[in-house]
Structure formats: structure tokens, C-alpha cells
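Below you'll find the structure, written out as C-alpha cells, and then a few comments.
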Amino acid sequence: MPILKPISGHGSTVGIRRYLEKKNRALARDFFNLSWDERKDIDTPEDKKEFVLWDVEMDATRAEFGHDEPWHGMRARTFKHFVLSPDPDDAIGLAELRELSGAWALRFFPDNQIAIVYHDDNARGIPHAHIVVNSTNLLTGNRMHTEHPEDLNRALQDMARERGLSGLSNQRKPSEGKADAAEKNKVNAPRTRRNVYLGRQEREIAKAGGYTWVGDIRARVALAKTMATSEAEFFAILDALDVHVADNSSKARRDDWIFSLADWPSKKVSGERLGYTYGKQMLQRRFDRSGAYRPTEKSVDEIRKRAENAIELNDLEDLSKLSAALETCAKFDVESLEEFDARLATLSRRGQIGSEGAQRLMQAKEYMTEHRLMPQQVRYEQRQQELVDRRRSRASQNEQRSLAARQREQQRRRNER
């Protein structure tokens, strides 16, 4: 079945265009309701599309209608970015993908400016579509609003099956009944003790270079838990990374949090399904420890900016690299580039320079250095002051927990709307 991943865009479309078309990796482009329109410019050579400044046109349209301004106190959603990934087993060609993508986009956004860019930059070279839809409806002058977001994916499955491709049936199967809740509650042991748990399907998709929403959520939660010093801060960072958090059912066999993508609320997973250290119990223990690892304040700001940018551009590869690098820093308690060298020197003296840990350190150092996410060194006085400030913040832990509970309730209400 094809997978549809929606991502909310904020601000200019210049960044998303730069990302989608960098290094000449665009296989093709399709445009609707722009200076070029596939329905009108049939006889115009394809190579002329390179000169279409679709990002400039979209930004100008929103500015004209005032749709860059906040809406009811909330940051304006300026565009939607949909990633349409066909089923690898369908072996779909570029021409078929272009027809399906265009038909789907026009079905739901016939009066919005649309730019579709096609890539095949995955391990198996499977073409997929990046569909960017500007928020302004040219006919009504209103901002984009989807009454029933779940219909977007349902329609895609139907359209795929109509074209002879695999598609998920939208007919709900009869329930087979629930297991006895009382019996399930007797089992209190965690599902796994692995720090990171990958199910069979996730491993297979990741091995093929495909997108997994579970891996996407795990990468975002990993960043949040490493940067946060309290439960409230953890939820605030997750909110900035477009992840919603809710308590699981009181009937569940273990008390845990449920994480879901803000733009894809049907995709949700419990913390312990991501790995033992992602469960509610382990996370709360982490926040209660005064000595838990956290980068310097400046590093946190830079890391958070990079993570938010990767999410907006749907650059899951960079998000995963950032998450892995930060996890390595936490494991080896690295707060500066200088400390990378110290940890590697220690491993070298032990004869472990060829170990997996050393390889992870070298990869993390390369990533952090390339993107300037860590200082060369951390002054002792500066770090001591940060630790003092952190201890003071922990004095208000009860207040923070209360705030966290309110944030979860707000997220729950947003999900219900």
C-alpha cells in the first residue's frame, strides 16, 4: 500500500524548495495553479520548469492574502508538505507515480498552488513524490483547512487500488474481541529491556532504506529526552518537534506514555515499544536525576533549531543522524569537541580504538563538528553555573509536573478537535 506522510510547514517555502531541488536530484516536477500548469502547458518542454520560481510565487500569494500572520495566537501554517511513497512491491514507474500524485493533489486541493517534486534517493531507488501545497485557497481566499484529515489517506488507498496497485482496504474488519483486561494487568514486566527496540517490520523497511513513522517518532523523542531536564521541558520540546504525548489507557498492562505525530495522529506508539529507555518510568527517573546528561545551553539551542528544520524539510536522514550523535554524546558524557578526543584517547589506551563505541564517537564528532553544534571546549566556571541553575530548576519539580499534566491535557483536546 502507498504511504502518505503529512508535514506542516511554517514560514517561507524557499527552504523546502532548496531542499527538494538541491544537487539536481529532482527526477521531475509538476505544477498546478502556478505560472506553469500541467493542464495548460502540455506542449511546453519539460526543461523549462527549472525556471519556475514556485517558492517565490507561493510566498507572494500568501503575503497578498495576509496568510503569513498568526491565526488565533498560533503560528501560521503556511504550507503542507505531503510525502507520497508507493509500495516497493508495486514497482511503480515515474510516469505512473506522476499521474497518481497529480490526481490525488487536485482531488483535495484543486484551488491551491501545488508543486510536486519527485525523488528516488533511497536504498532501492524507488520513486516517491514530495507534494507541497500552499495554504491559500485561490478561489475562496481562505487558509487551507481539511475537515477530515483521515480522508486524505483513505482516498489515496482507493485511488491506488483503482490503478491496479496495492492499497489498504478501507472496510473495517469485525473485532475479534479483547483479551481479558484483568489477566493482562497481571503482567507488569516491561515488553523489552533493550534500550532501542525495532520490530521485524521496522527493521525490514529501514534495511530497504524506506521511511518508518515509528523510527521518525523515536528520533524525535530521543532528541527531546536528551535535551530536557524536566518532564515539562520534555513535553515542550516534543511539542516544538511536532510530537503529541498522552497517557495510555488505565487498562493497559503498564503505565506509559503514547507518542504520536502531530500531523499524523493515527500513527501512535507507546514509549516502551520504542525501547526500554523511552518508557514513562525510565524517562521520569531520568528527569529526577540531578546528574543526568544534558548538552550546554548554547548547544541545546542549536540542536533544537537543526531538529525543527529537519522536520519541516522532512529530512529524516539528518534527523536520525542528529539523534544518534546526541545519544552517543549522552552515553560518553561529551559536552565539547575537546571531550571527544579525551574519550577516544581513553579507548585507545585500553586497546579499544576499533570498538563500536569508538566508531560511534568518531561519527558523532564528525557530525557535531560539521554542523557546529558543540563548542570546542566548555569552561569549568560556565558549566558549574549551569549545574547550579539546573539544581534550582529542580526545586520546582512539582510545579513543572503540574504544568506537564496541563500540557498533555491541552494536546489531548487538540487531538479531539
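The values are calculated or read from the model by the stated rules, or taken from the named source; none is laboratory data. Here the structure is a predicted model, which is why all the values come from computation and not from measurement. Glycine also receives a Cβ, built like all others from the backbone with ideal geometry; neighbour counts cover every protein chain displayed.
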Filter result for Lys280 (charged (D, E, K, R), within 22 Å of Arg194 (Cα to Cα) and surrounded by 13 or more Cβ atoms within 10 Å (Cβ to Cβ)): yes
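I need a count of the residues in region 235-252 that are among the hydroxyl-bearing types (Ser, Thr, Tyr) and within 11 Å of the chain's Cα centre (by Cα).
The qualifying residues number 0.
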Positions within region 38-80 being more than 30 Å from Ala262 (Cα to Cα), surrounded by fewer than 15 Cβ atoms within 10 Å (Cβ to Cβ) and not aliphatic (A, V, I, L, M), in sequence order: Arg39, Lys40, Asp43, Thr44, Pro45, Glu46, Asp47, Lys48, Glu50, Phe51
Filtered residue count, region 350-404, keeping only those that are at pLDDT below 90, within 23 Å of the chain's Cα centre (by Cα) and assigned to a helix (DSSP H, G or I): 1
Residue check, Leu326 assigned to a helix (DSSP H, G or I), of a type outside the set (S, T, N, Q), in contact (Cβ under 8 Å) with a residue 40 or more places away in the chain and within 16 Å of Glu366 (Cα to Cα): yes
Single residue of Arg253, Arg273 found to be modelled with pLDDT under 90, basic (Lys, Arg) and assigned by TED's automatic domain parsing to the domain that holds Arg203: Arg253
Among (1) more than 19 Å from Asp318 (Cα to Cα); (2) crowded, with 17+ Cβ neighbours inside 10 Å, the one test that Arg193 misses: (2)
Flag for Arg163 being surrounded by fewer than 16 Cβ atoms within 10 Å (Cβ to Cβ) and at pLDDT 85 or above: yes
Ala224 crowded, with 21+ Cβ neighbours inside 10 Å and either outside the structural domain of Leu316 (by TED's automatic domain parsing) or within 26 Å of Pro88 (Cβ to Cβ) (or both): no
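Results for (1) under 16 Å from the mean Cα position of the chain (by Cα); (2) closer than 30 Å to Arg154 by Cα, shown as yes or no for each residue.
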| residue | (1), (2) |
| --- | --- |
| Gly215 | yes, yes |
| Ala224 | yes, no |
| Thr229 | no, no |
| Glu233 | no, no |
| Arg254 | no, no |
| Trp257 | no, yes |
| Tyr276 | no, no |
All positions within region 100-116 that are outside any loop (DSSP other than H, G, I, E, B) and surrounded by fewer than 22 Cβ atoms within 10 Å (Cβ to Cβ): Leu100, Gly102, Ala103, Leu106, Arg107, Phe108
Count of residues meeting criterion [surrounded by fewer than 17 Cβ atoms within 10 Å (Cβ to Cβ) and small (Gly, Ala, Ser)] in region 247-272: 4
Filter pass, Ala307 being among the small types (Gly, Ala, Ser), modelled with pLDDT of 70 or more, surrounded by fewer than 16 Cβ atoms within 10 Å (Cβ to Cβ) and assigned to a helix (DSSP H, G or I): no
Single match in Arg289, Arg294 (criterion: touching a helix residue (DSSP H, G or I) at 6+ places or on another chain (Cβ under 8 Å) and in the same structural domain as Val243 (by TED's automatic domain parsing)): Arg294
